[in-house]
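The values are calculated or read from the model by the stated rules, or taken from the named source; none is laboratory data. Just so it is clear, the structure is predicted and the values come from calculations on it, not from any experiment. Cβ sites come from the backbone with ideal geometry, for glycine too, and all protein chains shown count toward neighbours.
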Amino acid sequence: MQDQNKFNYIIQQADNCLILGQRLAELCGHGPVLEQDIATTNISLDLIGQARLFYQYAAELQEEGKTEDDLAYLRDAWDFKNVLLVEQPNGDFGKTIFRQFLYDTFSCYFYEELMKSSDERLASIAAKSHKETLYHMKWSGDWVIRLGDGTEESHNRIQQSVNELWSYKDEIISVNAVDQEAEKAGYGVSLELIKEKRNEKIKAVLEEATLTTPEGDYAHKGGKEGTHSEHLGFILADLQFLQRAYPGNEW
Amino acid sequence: MDTALLEQHFNEKIDQDIRIEPKDWMPDHYRKTLIRQISQHAHSEIVGMLPEANWITRAPSLRRKAAALAKVQDEAGHGLYLYSACETLGVDRDDLFADLHSGKAKYSSIFNYPTLTWADMGAIGWLVDGAAIMNQVPLCRASYGPYARAMVRVCKEESFHQRQGYEIMLTLCNGSDEQKKMAQDALNRWWWPSLMMFGPTDKDSKHTEQSMRWRIKRFTNDELRQKFVDVTVPQAELLGLTVPDKDLKWNEERGHYDFGEIDWKEFFNVISGNGPCNKQRIEARKSAWDNGAWVREAANAHAEKKAKRKAA
Ligand SMILES: [Fe+2]
Ligand SMILES: [Fe+2]
């Protein structure tokens with residue numbers, strides 16, 4: 001292993017991308033309207049693409065002859081370092097949207113900073129991903145506004161999802177030892193900086209959507225350290241089934 | 001102009017292969033037949049998303065997962081172009097959906113079969129998209145302009161899907177014994193339903209003659225089916241798989257493969273609602289639509305409020 005901390009740092013984001021991409025993939029073919037079915041599938045596709053770029057790089061750093069698929073398919077839940085937010089179930093369209101918005105408002109500013117990484121490879125993955133997340137954030141933000149401002153039913157439904165997901169919004173900008181070392185070494189970003197921009201964006205969109213900011217700032221945590229919700233085991237059972245049932249094959 | 005004259009003019013255009021466009025006069029029966037044909041095709045695209053979507057979360061590699069997502073997304077796009085083409089004939093997309101959900105409108109029966117293993121993702125791309133191409137390439141020259149143009153875009157993507165499906169099969173056939181078994185099992189299950197995709201035999205096909213006259217169908221069902229068999233059998237041989245038809249034999253004299261009789265009882269059974277997944281497919285479409293009602297209402301309400309605010 002060339003650099004264990006860099007590997008861990010990359011895995012955190014790779015796992016976020018993969019698990020959220022996987023969640024969105026569950027929706028394919030079941031969207032509320034054809035255009036939005038295409039949109040969620042497209043975001044899923046972008047996220048899987050980003051996950052692959054990160055895993056490929058991580059596998060190279062690992063120097064064990066492993067591939068992106070080894071990392072995605074052959075680790076167990078405790079090795080996954082994604083935040084709890086991205087493993088939350090899709091729920092109704094409002095919940096899918098607000099989960100996406102909370103993620104996009106992180107990833108967009110995260111990539112914006114990561115583009116300046118001292119690690120060229122990370123900077124280039126970030127540049128490519130940033131373009132995609134700009135579009136994602138516009139899409140999810142517009143939908144938060146549409147649903148908040150739309151009908152009484154849609155307003156109540158999305159407000160409910162805002163309340164439900166609120167305690168999952170801050171883990172993603174919480175700093176752990178890996179983040180600290182990454183920032184210090186120059187290839188990582190300052191999550192403090194991202195936090196400010198992100199909070200402003202969330203505030204502005206909730207306001208335009210006429211939604212109420214929930215009280216309380218309790219944050220569920222654990223994902224970044226490998227302690228997950230009960231959901232992740234099932235996500236992985238689904239994701240990894242073929243590789244586990246028929247190990248060692250080309251597909 | 002009286003109707004007879006209009007109809008004569010219309011027929012002349014058809015005979016000269018001049019495209020009919022939405023604003024042109026057309027016989028009522030032509031319009032209705034097109035609406036039925038195009039909407040059936042559109043429904044097939046979106047119902048067809050479901051059997052493949054069933055394996056996206058379980059795709060065995062990230063590359064395959066991405067390809068599967070992209071493929072199913074393409075099919076949704078095909079649905080969109082085709083619904084749009086249909087709307088140029090004066091029908092509303094929501095009404096077409098209502099007919100699908102009520103069971104009034106049909107879609108390709110092939111999608112009423114289940115996807116049981118990963119190999120089905122290969123078999124569907126190879127055989128189902130392959131059969132779709134046979135059916136659709138001639139429609140790029142269909143007499144109705146918007147339909148023909150939609151088909152050009154669709155066909156390009158379908159042939160990519162077909163190659164991708166074949167490549168999944170090839171990988172499995174070069175793999176472990178279990179993978180080969182998966183591939184053979186998928187061919188066994190999908191072969192006959194794929195042949196059924198071309199519809200009833202020519203002598204039982206009630207719409208063929210008129211549709212060929214109007215050039216919204218260019219070859220008969222049996223002609224297309226034969227072409228599909230002729231192209232696909234050598235591909236199966238290349239994979240090292242056995243086509244599940246003991247009567248399949250090259251006929252030197254005809255220059256075509258002879259093949260066994262399709263189980264038409266099964267065909268009509270699946271069409272009339274008794275396929276293994278008819279209920280589940282319609283239920284999935286219906287519940288997506290019903291669960292999305294509040295979202296569509298919200299989008300409309302917001303758009304109206306926004307327009308009002310702008311006007312104020
Ligand atoms: Fe298609
Ligand atoms: Fe296709």
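What the table below lists for this structure:
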| quantity | calculated |
| --- | --- |
| Which numbered condition A:SER174 fails, given (1) touching a residue at least 24 places away in the same chain (Cβ under 8 Å); (2) of a type in the set (S, T, N, Q); (3) within 20 Å of A:PHE54 (Cα to Cα) | (3) |
| Subset tally (residues that are without any contact (Cβ under 8 Å) to a residue 60 or more places away in the chain and at negative phi) for segment A:192-218 | 14 |
| In segment B:274-299, residue surrounded by the fewest Cβ atoms within 10 Å (Cβ to Cβ) [restricted to those that are in contact (Cβ under 8 Å) with a residue 12 or more places away in the chain and outside any helix (DSSP H, G or I)] | B:PRO276 |
| Residue list for segment B:148-165, restricted to those being away from ligand 1 (no atom under 11 Å from the Cβ), closer than 30 Å to B:GLY122 by Cβ and either more than 14 Å from chain A (Cβ to nearest Cβ) or in contact with a strand residue (DSSP E or B) (Cβ under 6 Å, 6 or more places away or on another chain) (or both) | B:VAL152, B:ARG163 |
| Index of the failed condition, B:ARG63 passing every other in (1) surrounded by fewer than 23 Cβ atoms within 10 Å (Cβ to Cβ); (2) facing chain A (nearest Cβ under 9 Å); (3) within 16 Å of ligand 1 (Cβ to nearest atom); (4) not aliphatic (A, V, I, L, M) | (3) |
| Test result for B:PHE228, within 28 Å of B:ALA76 (Cβ to Cβ) and part of a loop (DSSP other than H, G, I, E, B) | no |
| Hits in segment A:197-209 - residues which are surrounded by fewer than 17 Cβ atoms within 10 Å (Cβ to Cβ) and either at pLDDT below 95 or assigned to a loop (DSSP other than H, G, I, E, B) (or both) | none |
| Qualifying position, being surrounded by 20 or more Cβ atoms within 10 Å (Cβ to Cβ), within 15 Å of ligand 1 (Cβ to nearest atom), away from chain A (no Cβ under 14 Å) and in contact (Cβ under 8 Å) with a residue 60 or more places away in the chain, among B:ILE20, B:ILE46, B:ILE38 | B:ILE38 |
| Subset of segment B:86-113 that is under 17 Å from B:ARG153 (Cβ atoms) and within 14 Å of chain A (Cβ to nearest Cβ) - its residue that is nearest to ligand 2 (Cβ to nearest atom) | B:CYS86 |
| Scan of segment A:1-16 for residues that are more than 22 Å from A:LYS131 (Cβ to Cβ), of a type in the set (A, V, I, L, M) and assigned to a helix (DSSP H, G or I), ordered by number | A:ILE11 |
| Residue within segment A:198-211 that is within 14 Å of chain B (Cβ to nearest Cβ) and either under 17 Å from the mean Cα position of the chain (by Cα) or among the charged types (D, E, K, R) (or both) present | yes |
| Condition check for A:GLN13: in contact (Cβ under 8 Å) with a residue 12 or more places away in the chain, farther than 23 Å from B:ARG64 by Cα, under 16 Å from the mean Cα position of the chain (by Cα) and surrounded by 19 or more Cβ atoms within 10 Å (Cβ to Cβ) | no |
| Of all residues in segment B:113-128 being under 18 Å from B:VAL47 (Cα atoms) and surrounded by fewer than 24 Cβ atoms within 10 Å (Cβ to Cβ), the one that is farthest from ligand 1 (Cβ to nearest atom) | B:LEU116 |
| Segment A:78-97 - residue that is out of contact with any Phe, Trp or Tyr (no Cβ under 9 Å at 6 or more places or on another chain) and among the hydrophobic types (A, V, I, L, M, F, W, C) and, of those, surrounded by the most Cβ atoms within 10 Å (Cβ to Cβ) | A:PHE80 |
| Filter result (facing chain B (nearest Cβ under 7 Å), within 19 Å of B:GLY48 (Cβ to Cβ) and in a helix (DSSP H, G or I)) within segment A:17-57 | A:ALA25, A:LEU34, A:ASP37, A:ILE38, A:THR41, A:ASN42, A:SER44, A:LEU45 |
| Failed item, numbered, when B:ILE133 is tested on (1) surrounded by 21 or more Cβ atoms within 10 Å (Cβ to Cβ); (2) within 12 Å of ligand 2 (Cβ to nearest atom); (3) of a type in the set (A, V, I, L, M, F, W, C) | (1) |
| Test for B:GLN73: is it within 13 Å of ligand 2 (Cβ to nearest atom), touching a Cys at 6+ places or on another chain (Cβ under 9 Å) and closer than 17 Å to B:ARG36 by Cβ | no |
| Conditions (1) within 12 Å of ligand 1 (Cβ to nearest atom); (2) of a type outside the set (Asp, Glu); (3) over 20 Å from B:LYS286 (Cα atoms); (4) buried (at least 17 other Cβ atoms within 10 Å of the Cβ); number of the one not met by B:LEU80 | (3) |
| Matching entry among A:THR227, A:THR212 (being under 24 Å from A:HIS136 (Cα atoms) and part of a loop (DSSP other than H, G, I, E, B)) | A:THR212 |
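Conditions tested, residue by residue: (1) within 26 Å of B:ILE46 (Cβ to Cβ); (2) over 19 Å from the mean Cα position of the chain (by Cα).
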position: B:THR201; (1), (2): no, no
position: B:ASP204; (1), (2): no, yes
position: B:VAL231; (1), (2): no, no
position: B:GLU237; (1), (2): no, yes
position: B:VAL243; (1), (2): no, yes
position: B:PHE267; (1), (2): yes, no
position: B:GLN280; (1), (2): yes, no
position: B:LYS286; (1), (2): yes, yes
position: B:ALA301; (1), (2): yes, yes
